[in-house]
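Any read-out appearing in this document is the output of simple, stated calculations on the displayed coordinates, not a laboratory observation. Bear in mind the structure is a predicted one, so any value in this text is a computation, not a measurement. Virtual Cβ from ideal backbone geometry, glycine too; neighbours counted across all protein chains shown.
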Amino acid sequence: MSGSVDLNDIKRRMEGAVAAFKSDIASLRTGRASANILDPITVDAYGSRVPLNQVANITVPEPRMLGVSVWDKSMVGAVERAIRESHLGLNPIMDGQNLRIPLPELNEERRKSLVKVAHDYSEKAKVAIRHVRRDGIDGLRKAEKDGSLGQDESRSQSERVQKMTDDTISDVDRLLAEKEKEIMQV
């Protein structure tokens, strides 16, 4: 990497922060049921914690209902417990190896708290993006200092890194605004 910083690597790392943010906000519940709601849940299975989707099939049979079909009968209790203790405010109903999870109406207070969580996720993504920017700028300064990169080229690449940062952060802001609108929509 002599002579410059790998701009493609910087772009890839920034896009990774956006992808993580998209995944985080996808798990936030809006008015409609989504299997993604259960993504953050892990279950005690076979001596370790595994994601819920590795021990069960998740379906959306109705707009306000989730279905969880546990593959191994001995795991039903652990899955039910994990969902109940997940801080998502869900109360599964056991039906043999299946769980039905009715989704409560989102009241104003709950919507506002979900928006706050979305804002926290966006801040986390922006911090990650700024870390990538800092790494890139530091790399350019180092390359300029050790003489492997001219001052003009360093300035030009720094401006490109800053533009990538600005564009990526505005992507996060746009996604946040869309999610906020979706959450607040009654």
The stretch 32-102: relative contact order in percent, alpha carbon pairs under 8 Å with at least 6 residues between: 29 percent
Gap separating the Cα centres of the stretch 162-186 and the stretch 105-119, nearest whole Å: 17 Å
Around VAL43: net Lys/Arg minus Asp/Glu count, Cβ-Cβ under 11 Å: -2
Net charge contributed by nearby residues that have their C-beta within less than 12 Å of VAL127 (K/R +1, D/E -1): +3
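Beyond a 20 Å Cα-Cα separation, which of these cross-linked pairs lie in this structure: LYS124/LYS179; LYS11/LYS181; LYS22/LYS126; LYS116/LYS179; LYS11/LYS179?
LYS11/LYS181; LYS11/LYS179
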Relative contact order of the stretch 80-152, defined on C-alpha pairs under 8 angstrom at six or more residues apart (%): 13 percent
Within the stretch 126-147: backbone nitrogen closer than 18 Å to the GLU178 label point (7 Å, Cα to C-beta): 126
Cross-link reach list, aspartates and glutamates versus LYS73, counting only Cα pairs under 16 Å and skipping chain neighbours closer than eight places: ASP44, ASP95
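Taking a quarter of the surface of the Cα convex hull of the stretch 32-102, what do you get in nm²?
For the stretch 32-102, the mean projected area of the Cα convex hull comes to 4.1 nm².
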Distant-in-sequence amide H partners of LEU66 (H built 1.01 Å from N, under 5 Å): ILE101, LEU103
Alpha-carbon Rg/Rh ratio, for the chain, with Rh computed the Kirkwood way: 1.15
Computed over the chain: relative contact order in percent, which uses C-alpha pairs under 8 Å that are six or more apart: 28 percent
Amide proton proximity set for VAL43, modelled H, under 5 Å, gap of 5+: VAL50, LEU52
GNM result for the chain, Cα springs below 10 Å: residue of ARG49, ARG13, ARG111 fluctuating most strongly: ARG49
